[in-house]
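The values are calculated or read from the model by the stated rules, or taken from the named source; none is laboratory data. On a predicted model such as this, the values are computed, not experimentally measured, just so you know. Cβ atoms come from the backbone with ideal geometry, glycine included; neighbour counts cover every protein chain shown.
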Amino acid sequence: MTRNLLLVSDLAPGEITNVLDLAERAALPRCLEGRGAALVFEFPSARTRNAAEMAVVDLGGHPVTIRGEEIGFDVRESVEDVARTLGGYHALIAARVADHQTLTQLVAALGAAGMPVPVVNLLSNVEHPTQALGDLLTIRQCLGSLEGKKVVFIGDANNVCRSLVAACAAVGAAITVASPQGWGLDAESVSAARAAGGTVEATDDPGEAVGGADVVYTDVWVSMADKDEAAAKRAAFAGFTVDAALVARASPGAIVLHCLPAHRGEEITAEVLEGPQSRVWVQAANRRHSKRGLFSFLLSAGGDAS
Ligand code: CP
Ligand code: NVA
């Protein structure tokens, strides 16, 4: 069966651990030798694009990066026609999309065409699952384990946060999300994480949330899809900056993570981002290693690790 990663929950908890273990292996079988991987970006990217391209190269493959407007999902031609075209060239299709439904359409079209090509979500309006895999890898490396750790996310409970919540629930890390009212974690994400056995709390008090935290995590206030709401969001998030006073309330050995890009002085201060507890550059580098593990897992899991 072809495996995809559209949501963190597409991987069973044990499979997440497998991906992290693969990510830490010095060398993996070159399962993409002589084959292509299509990487489509409807929004800009520094980390995800470079990490994905290098992960494909690590596995012996040839990455083809495509800007969204070049193929124009449902503008230049239908998502289904793009899927069957790319599926004829590539062993893997990964995409950063404005509308998560584009990813589900890609999966459906490839399935209907009998093309065993995994689809990977490189960020949508719903989740950013490859970010969460790199985050788990970073936490495991920096703190020694995942189970029982307390992760606190401060800010917009958007794509990055949703994936982090699902990922923490899967590996037995507790997570607390602190957001201003109106920008908090949706009830569906809370109930899905709890149904998966996760410990999830949501609050609008960042100071209270951060008590006992092993990991303090934040994301931009104004996401790529939110540019029209920039002023309203900056106003709503006042008081949610991750600064030294907030980090001082976490556990003494706490680490600070940020998916990046960072906006110093908004969601995080320069002092914290550049400070001794920050692990953001390890986290960024781990995007490549976790993708290498993921791609290897997906291609093997589909019986296609040739
Ligand atoms: N964190 C992340 O996805 O970064 P990019 O948007 O640069 O890919
Ligand atoms: N929430 C951010 C994440 C960027 C990696 C966005 O969607 O722009």
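Name every residue in the stretch 282-306 that is over 21 Å from the mean Cα position of the chain (by Cα) and either surrounded by 20 or more Cβ atoms within 10 Å (Cβ to Cβ) or modelled with pLDDT of 95 or more (or both), in order of residue number.
Listed by number, the list is empty, since nothing qualifies.
Table: residues versus (1) part of a loop (DSSP other than H, G, I, E, B); (2) more than 16 Å from ligand 1 (Cβ to nearest atom); (3) under 30 Å from residue 201 (Cβ atoms); (4) touching a residue at least 24 places away in the same chain (Cβ under 8 Å).
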| position | (1), (2), (3), (4) |
| --- | --- |
| 66 | no, no, no, yes |
| 83 | no, yes, no, yes |
| 114 | yes, yes, no, no |
| 142 | no, yes, yes, yes |
| 156 | yes, no, yes, yes |
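For the stretch 247-304, name all the residues that are away from ligand 1 (no atom under 15 Å from the Cβ), assigned to a loop (DSSP other than H, G, I, E, B) and under 26 Å from residue 224 (Cβ atoms).
Passing the criteria: 265, 266, 269, 274.
Check off (1) farther than 29 Å from residue 285 by Cα; (2) without any contact (Cβ under 8 Å) to a residue 40 or more places away in the chain; (3) of a type in the set (Gly, Ala, Ser) for residue 60 and give me the number that stays unchecked.
(1)
With (1) within 16 Å of ligand 2 (Cβ to nearest atom); (2) surrounded by 17 or more Cβ atoms within 10 Å (Cβ to Cβ) as the list, and residue 279 as the residue in question, which single condition is left unmet?
Result: residue 279 passes all but (1).
If you go through the stretch 54-64 one residue at a time, do you hit one that is outside any strand (DSSP E or B), closer than 17 Å to residue 129 by Cα and charged (D, E, K, R)?
no
Quick one: count up the residues across the stretch 209-244 that are loosely packed, with under 15 Cβ neighbours inside 10 Å and closer than 24 Å to residue 145 by Cα.
2
Considering only the stretch 252-276, state which residues are under 21 Å from residue 142 (Cα atoms), crowded, with 16+ Cβ neighbours inside 10 Å and touching a residue at least 24 places away in the same chain (Cβ under 8 Å).
Correct list: 254, 255, 256, 257, 258, 259, 260, 262, 268, 272.
From the set of residues in the stretch 33-47 that are in contact with a helix residue (DSSP H, G or I) (Cβ under 8 Å, 6 or more places away or on another chain) and part of a strand (DSSP E or B), which is nearest to ligand 1 (Cβ to nearest atom)?
Taking the candidates together, the pick is 41.
Assess whether residue 195 counts as being surrounded by fewer than 17 Cβ atoms within 10 Å (Cβ to Cβ) and more than 17 Å from residue 152 (Cα to Cα).
Here the answer is yes, as residue 195 does meet what is asked.
So residue 55 clears everything in (1) closer than 19 Å to residue 126 by Cβ; (2) buried (at least 22 other Cβ atoms within 10 Å of the Cβ) except one condition, right? Which one?
Among (1) closer than 19 Å to residue 126 by Cβ; (2) buried (at least 22 other Cβ atoms within 10 Å of the Cβ), residue 55 violates only (1).
How many residues, within the stretch 103-140, are surrounded by fewer than 23 Cβ atoms within 10 Å (Cβ to Cβ), out of contact with any Lys or Arg (no Cβ under 8 Å at 6 or more places or on another chain) and farther than 24 Å from residue 284 by Cα?
Residues meeting the conditions: 8.
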